[in-house]
Amino acid sequence: MIRIFKYLKSSIASILIIISLLVIQAMLDLTLPDYTSKIVNVGVQQGGISNAAIDEVGSSSLEKIKLFLTDEDRKYIEKHYKQTRTYHDEIIYKKDNSKNDEKLNDIMAKPMMIISYLEQSKNSNSSEIDMNILPSNVDFYTLISSMDDASKKQLLDQINEKTKKLPNTIIDQVAINFVKAEYKRINIDTDKLQIKYLFKTGLIMIAIALAAVIDGILTVLIGSRMAANLAKTLREKVFKRVVSFSKNEIKMFGQSSLITRTTNDIQQVQMVIVFLLRVVFYAPIIGIGGVIKAMHTNSSMTYIIGVAVVAVLGVMITLFLIAMPKFNIVQKLIDKLNLVTREILTGLPVIRAFSNEKHEEKRFDEANQTLTKVNIFINRAMSFMMPVMMLVMNLICLAIVYKGAYGVNDGNMQVGDIMAYIQYTMQIIMAFLMVSMMSIMLPRANISAKRILEVLNTESSIYNKKDTVNFKKDKAGIVEFKNVSFRYPDASYDVVTDINFVANKGETTALIGSTGSGKSTIINLIPRFYDITGGELLVDGVNIKDADLKKLRDKIGFVPQKGVLFSGTIEDNLRYGNSKITNKDIDQAISISQSKEFVSKFSDGKKYVIAQGGSNVSGGQKQRLSIARAIAKDPEIYIFDDSFSALDFKTDAKLRHELEKITKDKTVIIVAQRISTIMNAQKIIVLDEGKIVGQGTHQELMKNCKIYQEIALSQLSKEELENA
């Protein structure tokens, strides 16, 4: 899979943007639990008062606070609180707008707590702090205000000693209660403060959520476009490589497998790339960030996160071990299903002719059922993931609530902290869940990537040399076989052996022989569909292995045994070999190939649209249009691989007669089964079991080649042969 990433070089800018967006999104997601905690702790429990840095305070309360401060802290307080108004003849002091809340909170929280407990002790004769450090029947505030600095310091040290074991949360809560009571005492609407805080914090949370949504949409959009471009690049490269393959490589992979690799496998990689880019960068940030945030909230529950992570990893590894071997099987089964489907659709007329629909349906069902069973097994294994993950998440929530309840009871935590901790833990588990999902998707994509790279890394066995040789003009059109032998890859014997003949310019050279004698194999060697395994094959005086492959094939007008037409108009098909030909050339090719009669009957004429595979024209029409395409190309060498077999004798004769007019200065090589098609050829090559057993004109071969005589007499009577 990693080797696929080299095709993302052109998308570096997009990747950097995605990373930036994911970092931003992770920071936004990690911020929301903190605001949830503030909503509960500050907005609900504390009435919108975030800390002990009181905004407004009466002079009497401020003087009490100062009694418990050092000289330095007292001066700091006096610096930041100024007189603003009076209420019931009491001066009200207001805090300035400088950013000093944290320090003021540290200074004022403990004095506020002490005052609260003193008031509580005075009213109820009980307190959470033992204040039995004073003489009986003495007012604490009067006493401390009359003390000298040394005595005052000694008294404050005793108070600090009594309060130092109290958790900060208790000190802050009591101090905030003091602030709330003070606000009510000096006629400040605390309900309005609470609503204002909740509204403001709620708006911030909505803004963060919207920003995260927009960020996520942009990330998916950019990632999807990048993955789509990668898929496009891979399809282009795979297609170009497949087109460059010789028949050996296509046979090695199989047509159905090449289709699967170009479509399904690339789609698998595309899907994973989108998910991978998001998970690889987002999951670590959210996971590590969640751990840090959770530990900052309460480090005593860190072990719960560890248990959750171990549980998630256990589930992930188990599923990975179960599902991994099946992914490779799935891709092979898709290949098989494509192969069966392609064979059935291609051979549908034969299937119907033999009334074998049930057999083929059964064959398809077997391939389909096998693939379905493997997919069901994988899906069943994967179906355990979500329930198990939900169970883990719910158990973790219970553990946090259970542990957090004790923390709240002991004053070490607040309810909002528990909620935030649950959210952080869920984010951490979700990060690992995404990684686990990735670990399930990645193996299948990895197998698909390997299959794609197998194609991209396979070089065609037929290729151009670095230094190609130009064709010799003085030998233009001459095709020469010198002791040529050929065997198919992995075959144990030669298909053709010691083939020697020359096809000259201005002549027609014909090949005939029994089925399997090697006729089509020999002509497939000329355009280098296969490379010869022995001897030498020359075109225009140059060994075709030394020539440029494109230039070689540009010289040849090849008409295969089975006429192949492409979807598009008749005109499009005729321009396939030469896009620059004129309408006059097209009309001439149609006329020579004896296609004019049926083309003129089409309502659109040469603009008539050919269906996929030429399914809307007959076999003979398809063959004639294939011949017309070769004629329109106006090549140097014509090769007809039994291309007249679907024509009746009359049409065959007319076509060859017209063809002779335009091939006087061309080289024509014909493979045929009919004696009537080739008897006028200047040179006839007779093949038997891959060897030349006769060579000459029709008359010469009738005298000295027994195999040719047998073929001729099996098709025509003696009288017909003599008249010919």
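The values are calculated or read from the model by the stated rules, or taken from the named source; none is laboratory data. Quick caveat: nothing in here was measured; it's all calculated off a predicted structure. Glycine gets a Cβ as well: all are built from the backbone with ideal geometry, and neighbour counts include every protein chain shown.
Observations on the structure shown:
- Residue check: SER11 meets all listed conditions (1) of a type in the set (S, T, N, Q); (2) over 30 Å from LYS94 (Cα atoms); (3) touching a strand residue (DSSP E or B) at 6+ places or on another chain (Cβ under 6 Å) but one, namely (3).
- Selection within the stretch 6-54 - surrounded by fewer than 19 Cβ atoms within 10 Å (Cβ to Cβ), over 30 Å from ILE115 (Cβ atoms), in contact with a helix residue (DSSP H, G or I) (Cβ under 9 Å, 6 or more places away or on another chain) and modelled with pLDDT under 85: TYR7, LEU8, SER10
- In the stretch 516-537, the residues that are part of a loop (DSSP other than H, G, I, E, B) form Cβ pairs under 7 Å with partners that are among the charged types (D, E, K, R), at six or more places apart or across chains, as follows: SER517/ASP688; SER517/GLU689; PRO527/ARG553; PHE529/LYS247; TYR530/LYS247; ASP531/LYS545; THR533/ARG487.
- Qualifying residue in the stretch 512-523 (condition: polar (S, T, N, Q) and touching a Gly at 6+ places or on another chain (Cβ under 6 Å)): no
Condition check ((1) surrounded by 15 or more Cβ atoms within 10 Å (Cβ to Cβ); (2) among the hydrophobic types (A, V, I, L, M, F, W, C)) across all residues:
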| site | (1), (2) |
| --- | --- |
| ALA420 | yes, yes |
| ALA445 | yes, yes |
| SER448 | yes, no |
| THR468 | yes, no |
| PRO489 | no, no |
| ILE532 | yes, yes |
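- Selection within the stretch 355-388 - exposed (fewer than 11 other Cβ atoms within 10 Å of the Cβ) and not in a helix (DSSP H, G or I): SER355
- Residue within the stretch 61-83 that is in a strand (DSSP E or B) and exposed (fewer than 15 other Cβ atoms within 10 Å of the Cβ) present: yes
- Selection within the stretch 644-664 - within 55 Å of the chain's Cα centre (by Cα), part of a loop (DSSP other than H, G, I, E, B) and surrounded by fewer than 16 Cβ atoms within 10 Å (Cβ to Cβ): ASP648
- Candidates GLU236, GLU161 - the one that is closer than 30 Å to ASP410 by Cα, free of Cβ contacts under 8 Å to residues at least 60 places away in the same chain and acidic (Asp, Glu): GLU161
- Condition check for LYS550 on (1) out of contact with any Pro (no Cβ under 8 Å at 6 or more places or on another chain); (2) buried (at least 17 other Cβ atoms within 10 Å of the Cβ): one failure, at (2).
- Qualifying position, being in a helix (DSSP H, G or I), over 30 Å from ARG444 (Cβ atoms) and among the β-branched types (Val, Ile, Thr), among ILE286, ILE214, ILE266: ILE214
- Yes/no for LYS180 being out of contact with any helix residue (DSSP H, G or I) (no Cβ under 7 Å at 6 or more places or on another chain), in contact (Cβ under 8 Å) with a residue 12 or more places away in the chain and of a type outside the set (A, V, I, L, M): no
- Residue within the stretch 261-276 that is at pLDDT below 85, in contact with a Ser or Thr (Cβ under 8 Å, 6 or more places away or on another chain) and under 30 Å from THR219 (Cβ atoms) present: yes
- Among residues of the stretch 461-477 that are assigned by TED's automatic domain parsing to the domain that holds ASP531, those with a beta-carbon under 8 Å from a residue that is surrounded by 15 or more Cβ atoms within 10 Å (Cβ to Cβ) and among the polar types (S, T, N, Q) at least six positions away or on a different chain give the pairs GLY477/ASN504; GLY477/THR667.
- Scanning the stretch 592-637 for residues that are out of contact with any Leu (no Cβ under 8 Å at 6 or more places or on another chain), part of a helix (DSSP H, G or I) and within 24 Å of GLU507 (Cβ to Cβ) yields ALA630, LYS633.
- Taking (1) crowded, with 17+ Cβ neighbours inside 10 Å; (2) in contact (Cβ under 8 Å) with a residue 60 or more places away in the chain; (3) of a type in the set (S, T, N, Q) in turn, GLN270 satisfies each apart from (2).
- Check on LYS450, basic (Lys, Arg), modelled with pLDDT of 85 or more and part of a helix (DSSP H, G or I): yes
- Some residue of the stretch 618-627 being among the charged types (D, E, K, R), closer than 18 Å to ASP585 by Cβ and either without any contact (Cβ under 8 Å) to a residue 12 or more places away in the chain or in contact with a strand residue (DSSP E or B) (Cβ under 7 Å, 6 or more places away or on another chain) (or both): no
- From the options ILE304, ILE317, ILE344, ILE351, residue that is touching a helix residue (DSSP H, G or I) at 6+ places or on another chain (Cβ under 7 Å) and under 30 Å from TYR402 (Cα atoms): ILE304
- Boolean, GLU689 is free of Cβ contacts under 8 Å to residues at least 24 places away in the same chain, acidic (Asp, Glu) and exposed (fewer than 15 other Cβ atoms within 10 Å of the Cβ): no
- Which listed residue, of LYS237, LYS251, is among the basic types (Lys, Arg), in the same structural domain as ALA431 (by TED's automatic domain parsing) and in a helix (DSSP H, G or I): LYS251
- Qualifying residue in the stretch 492-514 (condition: surrounded by 18 or more Cβ atoms within 10 Å (Cβ to Cβ), within 45 Å of the chain's Cα centre (by Cα) and in a strand (DSSP E or B)): no
- Sole residue being surrounded by fewer than 16 Cβ atoms within 10 Å (Cβ to Cβ) and at pLDDT below 70, chosen from LYS184, LYS164: LYS164
- Checked against the criterion of being more than 27 Å from the chain's Cα centre (by Cα), closer than 30 Å to THR263 by Cα and either modelled with pLDDT of 80 or more or loosely packed, with under 12 Cβ neighbours inside 10 Å (or both), the candidates LEU333, LEU345 yield just one match: LEU345.
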